[in-house]
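One structure below.
Just so you know, all these numbers are worked out from the coordinates, no wet-lab data involved. If you're wondering where the values come from, they're calculated on a predicted model, not measured in any experiment. Heads up, the Cβs are rebuilt from the backbone with ideal geometry, glycines too, and the neighbour counts pull from every protein chain shown.
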Amino acid sequence: MSLLQPGLGVPLGAAAVVVRGVLRTVSRHEWRGLENLPDGGCVVAANHVSWLDPVTLADVLVAAGPVPRILAKESLFRVPLLGAVLRVMRGVPVSRGTGDAAAALQHAVEAVRAGDRVVIFPDGTLTKDPDGWPMVGKTGAARLALTTGAPLVPLAQWGPQQLLPRTGRPRFWPRPTMRVLVGEPLDLSAYRGRPLTQALLREVTDLVVDAVAQLLSELRGEPVPPRWDPRTGSRRPAVGGQAPPAARPEVEGTA
């Protein structure tokens with residue numbers, strides 16, 4: 001039986017085949033660590049390098065199991081082609097700074113508890129790091145994993161920004177390679193069952209961003225630089241730095 005996207009009548013499996021066919025035409029892929037993705041509900045925290053990320057990551061994760069749920073900026077659902085793909089792939093729209101952000105987090109909680117893989121970009125937007133590294137993260141992935149008790153899996157990718165840069169037109173030649181490395185689920189046993197204070201969420205967020213950055217370092221063959229802080233537009237130590245506390249729970253998608 002085909003799983004249908006409500007309101008569209010489109011089989012998710014068919015949509016995945018179409019997306020995969022297009023990506024195979026315009027790019028190569030090199031994926032490692034898919035065996036680290038657990039069966040059942042989990043939270044996948046990924047770095048964010050291109051507007052194409054929801055599509056390329058859906059391609060990876062469909063190859064390793066059920067179609068994932070991806071938290072994405074609400075405005076992307078209005079982009080003609082990308083919006084259609086996000087809707088068919090059961091994306092969760094996020095309108096940051098509004099009550100809808102909290103609702104998106106609740107939808108994500110329900111999805112994880114129902115057994116879905118939910119993808120979150122801790123950067124909360126395309127990275128502003130001048131060299132494309134993860135920034136100081138927002139706390140939504142940590143909150144979702146600790147609220148549900150689900151595994152929190154770091155994932156690094158490199159290549160979508162070559163196919164679709166932040167600015168300018170798509171680049172189809174030379175044919176880029178979509179590189180992905182999935183890490184083992186993080187050990188959050190020391191944090192489970194504790195009150196979700198901002199300090200605890202920040203500590204877990206730093207832990208997952210460090211893990212993603214280390215995976216990206218392996219993909220790129222370069223050392224991890226000090227973390228870029230978009231609040232100050234400068235770098236700070238990659239490990240152990242403390243960001244200013246947020247005034248409200250942080251929920252991130254793409255921006």
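For a quick protection proxy, order the peptides 186-196, 102-112, 140-150 by their average other-Cβ count within 10 Å, most packed first. Write down the numbers at each step before the final one.
On the way: 186-196: 11.9, 102-112: 18.7, 140-150: 23.1.
The most tightly packed comes first, giving 140-150, 102-112, 186-196.
With a sphere of radius 10 Å drawn around the Cβ of residue 29, what net charge do the other residues whose Cβ falls strictly inside it have (Lys, Arg +1; Asp, Glu -1)?
Numbers: positive: 20, 24, 28, 179; negative: 30, 59.
Once positives and negatives cancel, what remains is +2.
Protection proxy ranking for 202-208, 126-132, using the average of other Cβ atoms within 10 Å per residue and placing the highest first: 202-208, 126-132.
For the range 32-84, a simple Cβ point-charge model (Lys and Arg +1, Asp and Glu -1, everything else neutral) yields a dipole of about 160 debye relative to the Cα centre.
Placing a pseudo-label 7 Å from each Cα along the Cα-to-Cβ vector at residue 187 and residue 114 gives an inter-label distance of 3.4 nm. Estimated from the Cβ-Cβ distance and a Förster radius of 25 angstrom, the FRET efficiency linking residue 214 and residue 26 is about 0.30.
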